[in-house]
Structures are given as C-alpha cells and as structure tokens.
Amino acid sequence: MSKRGWLLFVAMSVIWGIPYLLIKVADEQLSPATIVFGRTGLAALLLVPVAVHRGLLRPLLPKWHWLVVYTVIEIAAPWLLLTHAETRLSSSLSGLLVAAVPLIGAITLLFMSEGRHDDRLDARRSLGLLVGIAGVAVLVGVDVSGSDAWAVVEIAITAIGYATGPILIARKLSDLPVLGVVAASLALTAIGYAPFAAT
C-alpha cells in the first residue's frame, strides 16, 4: 500500500472509531434518546438549510414512505440501540461488533433475488468477509458477561440496520438526491426523539 493509502487508512480508522468513544463519554451524563436527538438535531440544523436551498427535499415527497422506512432502519433505531448498548459495553467492543456490517450486507444481498452482478458474493469476497469477521472475533475474544448479552443483541440489530439501509437506498431511493435523503432522515429522527430528549 502507498504512503497516501496508509494515511487514508489511518484517517478512516480514526473517523470510524471516534463516534463510539464520544457516545461512551456522553452516556455518562445523558440518556440514549437525548444523545440521538443531539446528534441528529445538530446534523439536521447543518444539512436541512443546504438541502432546502438546493431544492433537494421536494423530490422526496413521492417516496416519503420509503424515506421513513429508511430513516427507522438506518438511523432512528440503530443509533438508539447502539447508544443504549454502550451504557454496558466498551466503545472499542461496540465498534468491533459493528464491523460485522459488511458480512451482514453480503448475506442479505445473497438472498435477494434481484441482486446485480456486482453484488454477487464470489469465493474471493466470501473469504475476505470470513477472514474479517474472524479477526473481529479474535479481537473481541468473546469477552461478554451474561449481563451484557442484551447489549450485544442491540449491537447486532444495529449492524443489521446499517447493512440494510444502503441496500434500501440502492433499491428504492436511488433516483432521489442523496443529500436530501440524508438531511430529511436526520430531521425526522431529531423530531421523533425531541419529546424524549425534553423529558
């Protein structure tokens, strides 16, 4: 790998890992619903005005029901479950468990009848995914007590949501502007969690 490649790899590792640490820190003072509201509310405040200015929200209206489904699957449910799980699991373990997303996505595509050629799970990809998940298992070391079992289930559901969301985008929302979809999803989630954050 080139020097630039290594720098990008390190940068992505830091970017990928920091949210889990920050969620763990926030969990000490705030409820999971408040944290989700804060994350999505701040992001919506930044992105919704841009989406409105560019006229990216109106095209979403014909497919609003798929947008709601995507919002629940990719953001609203996973972010709450992940934040709640981190009240009992370390941020590093949570991040490692979420690393199962590619495997879940590949398995999901494998069972979808309309999979495109570039979605197929060939022998090389299968081996790569198995090596990756084995690496996660070795790093995690199955070091989970009985009291943390539900937290692991919450992370598993989160990973399923993270894996399913992009597939839903590709299959049902691919003709819509991405920035509009993201801004609207964050705003919907923030609105949904606002009453819980307020109390």
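The values are calculated or read from the model by the stated rules, or taken from the named source; none is laboratory data. Quick caveat: nothing in here was measured; it's all calculated off a predicted structure. Cβ coordinates were reconstructed from backbone atoms using ideal geometry, including for glycine residues, and neighbour counts include every protein chain displayed. These area figures cover heavy atoms from the full protein model, side chains too; ligands, DNA and RNA do not enter into them. Shrake-Rupley method; radii C 1.70, N 1.55, O 1.52, S 1.80 Å.
Quick notes
- Failed condition for Leu127, given (1) at pLDDT below 75; (2) aliphatic (A, V, I, L, M); (3) out of contact with any helix residue (DSSP H, G or I) (no Cβ under 7 Å at 6 or more places or on another chain): (1)
- Asp143 being open to solvent by 50 Å² or more (accessible area, probe 1.4 Å), assigned to a loop (DSSP other than H, G, I, E, B) and modelled with pLDDT of 90 or more: no
- In the set Val69, Val10, Val50, only one residue is at pLDDT 95 or above and farther than 24 Å from Ala156 by Cβ; that residue is Val50.
- All conditions but one from (1) among the hydrophobic types (A, V, I, L, M, F, W, C); (2) at pLDDT 75 or above; (3) over 16 Å from the mean Cα position of the chain (by Cα) apply to Phe111; the one that does not is (2).
- Consider the stretch 175-191 and keep the residues that are assigned to a loop (DSSP other than H, G, I, E, B) and of a type outside the set (A, V, I, L, M, F, W, C). The one that is least open to solvent (accessible area, probe 1.4 Å) is Pro177.
- Every residue from the stretch 13-37 that is open to solvent by 40 Å² or more (accessible area, probe 1.4 Å), small (Gly, Ala, Ser) and at pLDDT 90 or above: Ser31
- Unmet requirement for Gly55, which otherwise passes all of (1) touching a His at 6+ places or on another chain (Cβ under 8 Å); (2) on the phi > 0 side of the Ramachandran plot: (1)
- Residue that is farthest from Ser92 (Cα to Cα), among those in the stretch 1-12 that are open to solvent by less than 100 Å² (accessible area, probe 1.4 Å) and not hydroxyl-bearing (Ser, Thr, Tyr): Gly5
- Here the stretch 114-124 is the region considered, the condition is being assigned to a helix (DSSP H, G or I) and either touching a Ser or Thr at 6+ places or on another chain (Cβ under 7 Å) or at pLDDT 70 or above (or both), and the residue that is most open to solvent (accessible area, probe 1.4 Å) is Arg124.
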